[in-house]
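The structure under discussion appears below in the form of structure tokens.
The values are calculated or read from the model by the stated rules, or taken from the named source; none is laboratory data. A quick note: this is a predicted structure, and the numbers were derived from the prediction, not measured. Because the Cβ atoms are built from the backbone with ideal geometry, glycine has one as well, and the counts that use them run over all protein chains shown. Accessible surface is based on the protein model in full, side chains and every heavy atom, while ligands, DNA and RNA are left aside. Shrake-Rupley method; radii C 1.70, N 1.55, O 1.52, S 1.80 Å.
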Amino acid sequence: MSRRHVLRGLGTMMSLPFLESLGGKAFAAAAKEPVKAPMRAAWLYIPNGVNVKEWFPTGEGTSYELSPTLKEIERHRQEFMVVSGLAQDKARSHGNGGGDHARATSTFLTGCMPKKTAGSDIQLGVSVDQIAAQKIGHLTRLPSLELSTDGQRSSGRCDSGYSCAYQFNLAWKNETMPMAPEMDPRLVFERLFGYGAAGAKGAEGARRQRLQKSILDTVLGEAKSLQGKVNGNDKRKLDEYYSSVRDIELRIERAEKFTASLPKDYPVPEGIPESYEEHIHMMFDLLTLAFQTDTTRLCTFMLAHDGSNRSFPQIGVPDAHHYLSHHESDEQKLEKIAKIDRFYMRQFGYFLDKLKATKEGDGNLLDNSMIVFGGGIGDGNRHNHDNLPILLAGRAGGTWTPGKRIVLPGETPMTNLYLSMLDRLGVRAEKVGDSSGVLQVS
């Protein structure tokens with residue numbers, strides 16, 4: 001069997017994780033060269049800037065001192081690096097007036113200036129994930145995966161005369177076509193494993209979900225026949241994988257039961273958990289499975305759009321996030337912003353936990369990933385687009401050495417980092433937006 005063994009059944013397509021027994025070490029020995037796990041890349045976006053005094057560390061190199069916010073992921077210190085000095089010049093006004101939130105989101109992965117319009121004549125540029133998808137997307141079942149917790153908006157007026165398309169989409173396939181993200185875990189689950197049960201309502205939807213469950217039962221049952229053909233490590237890996245799939249499915253079902261009990265006109269789509277934290281966790285779990293099974297190698301995840309006015313009563317912050325970001329140096333507002341920053345950092349830590357716990361070859365999934373975590377605004381009160389809060393996690397197949405802080409010259413284009421990432425993905429690109437050269441990250 002090939003390493004990328006695929007199980008199919010009546011519309012269900014399910015890829016298995018990297019298994020040494022099915023084309024790993026034995027094949028490598030025969031070929032006298034190692035079998036490399038695929039490289040993955042994900043870009044995770046947080047909105048509205050940060051409390052810079054609490055977020056940014058001091059010092060540089062391996063001896064830098066963690067900030068209060070970064071201490072939330074201290075257990076992963078050797079798995080991430082802090083990169084200071086990156087900027088997104090095209091997020092600045094350049095004579096177009098207000099709209100920093102729309103520009104922050106739209107330029108984050110494109111490095112291009114969005115055309116200021118609230119109409120249908122939107123214009124931007126191709127995002128780094130889609131540049132990669134054009135070259136390596138054919139290697140996986142899904143060329144790329146786009147996730148969000150804020151839903152889809154591709155039209156209407158949002159920020160100071162900018163179309164909502166700029167503010168609610170990170171990924172852009174071309175200058176005029178954003179890649180709409182998915183916020184419903186059920187729909188993401190079905191893209192990875194499913195039959196399309198979420199596409200129907202009522203009795204038909206229930207029938208499709210029963211069929212989907214039957215298909216998954218059958219496919220997973222057949223997959224267990226592999227247990228007699230793989231070694232002990234792979235048996236454990238398969239058990240963990242089956243458990244992960246079932247756990248996510250059960251959590252989605254619980255979310256749907258909650259939705260069914262709400263008042264008729266309550267605006268919550270099916271499959272979305274009541275808890276924002278659980279929603280994020282479920283999306284990270286699905287993303288981990290997508291990477292683990294090589295269903296896709298590229299993902300963007302907007303944890304919230306820039307300008308988001310979400311409140312966080314669960315952590316003692318009932319105020320709207322965007323409102324707080326205009327803090328005017330008010331200490332109480334700054335402390336609330338720091339609480340929100342720590343909340344998002346804990347979610348990032350959860351994702352790193354999942355990737356590290358997923359074994360692959362002689363290491364884990366995080367070893368073969370490049371994860372960008374951050375946003376397009378530094379201080380929300382100033383709306384500055386330089387010295388952005390950016391973390392890089394993973395080891396990029398051994399080409400990144402995390403556990404340090406890199407301090408770059410001011411105004412280093414964020415897109416220079418993306419050229420470096422594309423190189424590691426095996427994608428040749430002359431430019432990404434306003435890039436000026438390949439950032440040497442090692």
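Mind telling me which of the residues 316, 307 ends up being crowded, with 18+ Cβ neighbours inside 10 Å and not hydrophobic (A, V, I, L, M, F, W, C)?
Details: 316 fails: crowded, with 18+ Cβ neighbours inside 10 Å.
After ruling out the rest, the residue left standing is 307.
Looking at the range 274-329 only, could you name the residues that are acidic (Asp, Glu) and out of contact with any Pro (no Cβ under 9 Å at 6 or more places or on another chain)?
Passing the criteria: 274, 277, 278, 319, 328.
Among 316, 307, 271, which is at pLDDT below 75 and either farther than 24 Å from residue 127 by Cβ or over 18 Å from the mean Cα position of the chain (by Cα) (or both)?
Details: 316 fails: at pLDDT below 75; 307 fails: at pLDDT below 75.
Selected residue: 271, the only one of 316, 307, 271 that is at pLDDT below 75 and either farther than 24 Å from residue 127 by Cβ or over 18 Å from the mean Cα position of the chain (by Cα) (or both).
Report the residue count in the range 71-113 for those that are assigned to a loop (DSSP other than H, G, I, E, B) and open to solvent by less than 10 Å² (accessible area, probe 1.4 Å).
Number satisfying all stated conditions: 6.
Read through the list (1) at pLDDT 95 or above; (2) part of a strand (DSSP E or B), then give the number of the only condition that residue 130 fails.
(2)
State the number of residues belonging to the range 328-379 that are within 22 Å of residue 169 (Cα to Cα) and without any contact (Cβ under 8 Å) to a residue 24 or more places away in the chain.
Going through the range 328-379 one residue at a time, the tally reaches 0.
Would you be able to tell me the number of residues in the range 385-413 that are in contact with a helix residue (DSSP H, G or I) (Cβ under 9 Å, 6 or more places away or on another chain) and assigned to a loop (DSSP other than H, G, I, E, B)?
11
Based on this model, can you work out whether residue 156 counts as touching a Cys at 6+ places or on another chain (Cβ under 8 Å) and surrounded by fewer than 17 Cβ atoms within 10 Å (Cβ to Cβ)?
yes
For the range 22-39, state whether one or more residues are at pLDDT 95 or above and either farther than 24 Å from residue 300 by Cα or open to solvent by less than 10 Å² (accessible area, probe 1.4 Å) (or both).
no
Can you pull out the residues in the range 384-399 that are open to solvent by 10 Å² or more (accessible area, probe 1.4 Å) and under 17 Å from the mean Cα position of the chain (by Cα)?
395
Just checking, which of 381, 364 is open to solvent by 10 Å² or more (accessible area, probe 1.4 Å) and farther than 28 Å from residue 106 by Cβ?
After applying the criteria, what remains is 364.
Looking only at the range 280-304, count how many residues are open to solvent by less than 10 Å² (accessible area, probe 1.4 Å) and either part of a helix (DSSP H, G or I) or touching a helix residue (DSSP H, G or I) at 6+ places or on another chain (Cβ under 6 Å) (or both).
16
Against the definition (open to solvent by 10 Å² or more (accessible area, probe 1.4 Å) and more than 26 Å from residue 86 (Cα to Cα)), how does residue 358 come out, yes or no?
Criteria met by residue 358.
Just checking, how many residues over the range 400-438 are under 20 Å from residue 79 (Cβ atoms), open to solvent by less than 30 Å² (accessible area, probe 1.4 Å) and of a type in the set (A, V, I, L, M)?
3
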